[in-house]
Amino acid sequence: MQVITALQALDKVSHSLGLNSKAMPSLLKTQIIADYLRHTLLTLSHTASTVQPVFVTTLLNQVQRSLMPLWPQIFGQREEDKNPIRQVLDQLEQIREVANLGKGYWLPTPLRLVRLPSSQILLIGGMDTKTLRSHFGNRVYASTGLARRIKTTDEAMCLVKEGIEWQRFEDWLGEDTDADLQTWTTGLLEKAKKGLKPSGSEITEFDVYLPKLRDKKDWQNRRWVPAQQLTSIPEEIVLCRRRLKQTFTYYFGLLKGKNPVRLFSENKLDSKIERCKLLYGLDMRYNCSSRVEFEHYNDNEDKLIFRNWLPASQRRLLLAVGYEVHEKLPLVYQFSKIYREDIFEHIQKLGIQIEYS
């Protein structure tokens, strides 16, 4: 009996799935888990006569049973570590290849083509790569991220003839194209100011987001200033937070007094507003934009290192075309240089300055 190494097993599995076996092992593992999730969800949800949502534990357990012989070690983690299969499932949801229906039920999303501003074409949808290639041949390629890509417009048009529709890039991102970040932030502050109400109590223990006072500290989580440390009161409306048990509650507010500073009037931040995006908007408003480090990873790939969390649309693009090395700060993404133009354009909408190493 011939015994093969873990890397050899990885190579054989990736080749059988239609993935690029020459990719780095950590990326291949993520892509293999993603394809097992796509295939299992598609198989469980689609029968000959109906489509049924799949409960998440059923999905995760079946994928884990399939992958256990390949990576027994990744399931022997500490309890506080995130299940790698669940982690990839969440990333597939982020790039909109699977849909979380709520109450634990999931479905794959339909196939559609997305053209990036640079004319690169992604194929988005909840069908595994091997099945895609059996349907559409070698028009479908693995990317350096979770999404698959189509090399040419002619190949994409062949897929259109076979029933796959285009989706606008902005619609896939979920991005509001009618207003830039600075305009969006200003409008949000003006609306919040009109809805301010007197604070219900003499609140003195809270933090204020003031990047101007901490402009030398590029990490957004260091730009929160405890109210007790303020030596002067901002005259305009500011973003505040106060801790309730283990979580923060966020407010727009006006301040008064000193020693201690008090929250005079407040307007609770709408849960629909993406707080991460708002922080970048406030950074831009105060001319304190953050930075990202760029470096060449190798001849064909680049790397970006972020000090702060990313809004959903920026992370969606990076997950689709690049590999997220880990989910903790600083965030690190590796991606093919063919996507550099699209990634740079999109993250610079946040006012981020790119530093070349």
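The values are calculated or read from the model by the stated rules, or taken from the named source; none is laboratory data. Because the structure is predicted, anything quoted here is derived from the model rather than measured. Counting neighbours? That spans all protein chains shown, and the Cβs are built from the backbone with ideal geometry, glycine included.
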Among (1) buried (at least 18 other Cβ atoms within 10 Å of the Cβ); (2) touching a helix residue (DSSP H, G or I) at 6+ places or on another chain (Cβ under 8 Å), the one test that THR204 misses: (1)
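Which of the residues spanning region 296-340 are aromatic (Phe, Trp, Tyr), within 15 Å of GLN220 (Cβ to Cβ) and touching a residue at least 60 places away in the same chain (Cβ under 8 Å)?
Within region 296-340, just TRP309 meets the criteria.
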Positions within region 161-181 being surrounded by 12 or more Cβ atoms within 10 Å (Cβ to Cβ) and of a type in the set (Val, Ile, Thr), in sequence order: ILE164
Of the criteria (1) assigned to a strand (DSSP E or B); (2) at pLDDT below 95, which one ASN221 fails: (1)
Boolean, ASP90 is farther than 20 Å from VAL51 by Cα and at pLDDT 95 or above: yes
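This table checks each residue for (1) within 11 Å of the chain's Cα centre (by Cα); (2) assigned by TED's automatic domain parsing to the domain that holds GLN94; (3) buried (at least 19 other Cβ atoms within 10 Å of the Cβ); (4) farther than 22 Å from ILE121 by Cβ.
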position: ILE305; (1), (2), (3), (4): no, no, no, yes
position: TRP309; (1), (2), (3), (4): yes, no, no, yes
position: LEU318; (1), (2), (3), (4): yes, no, yes, no
position: LYS328; (1), (2), (3), (4): no, no, no, yes
position: GLN334; (1), (2), (3), (4): no, no, yes, no
position: ARG340; (1), (2), (3), (4): no, no, no, no
position: PHE344; (1), (2), (3), (4): no, no, no, no
position: ILE347; (1), (2), (3), (4): no, no, yes, no
Per-region count, region 3-52, residues at pLDDT below 70 and either part of a helix (DSSP H, G or I) or exposed (fewer than 14 other Cβ atoms within 10 Å of the Cβ) (or both): 14
Test: residue in region 114-126 that is at pLDDT 95 or above, over 24 Å from GLU301 (Cβ atoms) and either of a type outside the set (Asp, Glu) or surrounded by fewer than 16 Cβ atoms within 10 Å (Cβ to Cβ) (or both): yes
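Among the residues of region 264-302, which ones are closer than 14 Å to PRO330 by Cβ and out of contact with any Ser or Thr (no Cβ under 9 Å at 6 or more places or on another chain)?
Correct list: SER290, ARG291, VAL292.
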Region 81-111: number of residues that are out of contact with any Lys or Arg (no Cβ under 9 Å at 6 or more places or on another chain) and part of a strand (DSSP E or B): 7
Where LEU254 falls short, out of the listed (1) over 20 Å from GLN220 (Cβ atoms); (2) touching a helix residue (DSSP H, G or I) at 6+ places or on another chain (Cβ under 7 Å): (2)
Residue match in region 246-266 (condition: in contact with an Asp or Glu (Cβ under 6 Å, 6 or more places away or on another chain) and exposed (fewer than 12 other Cβ atoms within 10 Å of the Cβ)): no
Region 138-195 - residue that is in a loop (DSSP other than H, G, I, E, B) and among the hydrophobic types (A, V, I, L, M, F, W, C) and, of those, farthest from the chain's Cα centre (by Cα): ILE164
